[in-house]
1. Do any GluC sites (Glu not before Pro) in region 229-326 lie in a loop, going by DSSP, with at most 11 other beta-carbon atoms within 10 Å of their beta carbon, and if so which?
2. Just to be sure I follow the rule: in the chain, considering lysines 8 or more places apart or on different chains, how many pairs have Cα atoms under 20 Å apart?
3. Among 337-346, 221-230, 22-31, what's the highest-first ranking by average C-beta atoms within 10 angstrom per residue?
4. Which value in deg cm²/dmol, rounded to the nearest 500, describes the helix-derived mean residue ellipticity at 222 nm for the chain, given -39,500 (n - 2.57) per DSSP H run of n ≥ 4 and division by the residue count?
5. Is there a quick way to get the dipole size of region 285-439? I mean about its Cα centre, with the Cβ of Lys and Arg at +1 and of Asp and Glu at -1; what is the value in debye to the nearest 20?
6. Taking the chain as a Gaussian network, where each spring joins two C-alpha atoms under 10 Å apart, which residue of 274, 400, 321 fluctuates the most?
Amino acid sequence: MAPHRRDQAVRAAVDQALLTPAAPVAALLDLAGVRASAAALRAAFAGVTDAPVLHAFAVKACPLVPVLRLLHEEGLGAEVASPGELALARAAGVDPARIVLDSPAKTPAELREALALGIAVNADNPQELARLDTLVAQTPARSPLGLRVNPQIGGGTIDALSTATTTSKFGIALRDEGARARVVRAFLDRPWLTRLHTHSGSQGMPLSLLVAGVREAYELAEEINAAAGRRQVDTLDIGGGLPVNFASDEDTPTFAEYARLLAAEVPGLFDGRYGLVTEFGRSLLARHGTVLARVEYTKTSGSRPIAITHAGVQVATRTVYDPASWPLRIAAYDAAGEPRTGPAVDQDVAGPACFAGDLLAVKRPLPLLEPGDVVAALDTGAYYFAHHYAYNSLTRPGVYGFTVREDGSVRFATVREPQTVAEIVAEAGGGHPDVLLRG
């Protein structure tokens, strides 16, 4: 999010009572930034190929229908990995022809629905292929069907997000003994199998490793097509995974850098023989989200100041549990939403949950915070405010998209209403409290 637009939005969020003592957490999404990222992605690949490219946004990064609708209007499809995500994409109006279903645990019912709708499916393993054999024999599929492979090229700096390791749960491991030959045979035995899919990881992955994974898939496609004597594999789904720089406002790496590196290292990918699918998520939205939280109290412990805020593990789960991998930048504002000034003082920024590790930042140099101030957790547009963790039954914050008009005024649109305490009670079985007492 551009710093000047962020400052305008924070001030407006306070002025327009999106952030109040009654609603002490609010999430903001910069719509101009989202549109710019979508345009940058489209332009990056258009700059290296004339081949058709479906950019399918990874719904897991921000499963909110209005956001999916905005991206749909910006020319993106949807990559889904569950019945819920598929329902969200369809509610957003995404054409089934622009939806890709990935998941290592698809049920027969999920596969039948996808094939009935014409949604592209990437099978994860031989057992899933066997299920597809049965379904395709019953009713010829309108869906493009592919197979996910694991190139086993190694992991990045975050193990949990590295999906091309030796023992990854995803796809068919190509370097296991005999696996590559079995994959080629699987295609030769199934003329309807026309796609290869790979995704090597995301945050913590260097571009060189992402490119290496794509190269492996491309070379396998060439091998399959040579064995078939025709262009059986006509589309390569190269996944997403572009990492985000969470350390500053500098956008690095960019979609254009990645596309150019792919073109240099895997030129055959872009010569027009293959259609392409991408599945970017975090890199499209992370920059454009900000979580705001009021400071309720301040104190000192062990001579270090601590600001107790209302945003913690419930919105920043990964940061709280793995701060080394997921550090967040914090910006400080006063109670009026103006940037707080003053000398930087090392202090902790803590959340409201009842365990010691609920911290957004530790020993972070910031102007000394006071009760009523506002802290902003930056770069939280993906995998933060849309993935609520219900620790201590804390309510989900409202999510608001914003635009800044030419006159500097800010218009907000409610993406998701703040959750109420009554809704928490209802979700927790509040409508039938005596059910366990009746034997």
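A short reminder: the numbers here are calculations on the coordinates, not readings from a lab. Model, not experiment: these values are computed from the prediction. All Cβ positions, glycine included, derive from the backbone under ideal geometry; neighbour counts span all protein chains shown.
1. For GluC sites (Glu not before Pro) across region 229-326 that sit outside H, G, I, E and B with at most 11 neighbouring Cβ atoms in 10 Å, the list reads 250.
2. Pairs that pass both the separation and distance tests number 4.
3. 22-31, 221-230, 337-346
4. Calculated from helices alone, the mean residue ellipticity at 222 nm is -9000 deg cm²/dmol.
5. About 260 debye.
6. Of 274, 400, 321, the Gaussian network model singles out 321 as fluctuating most.
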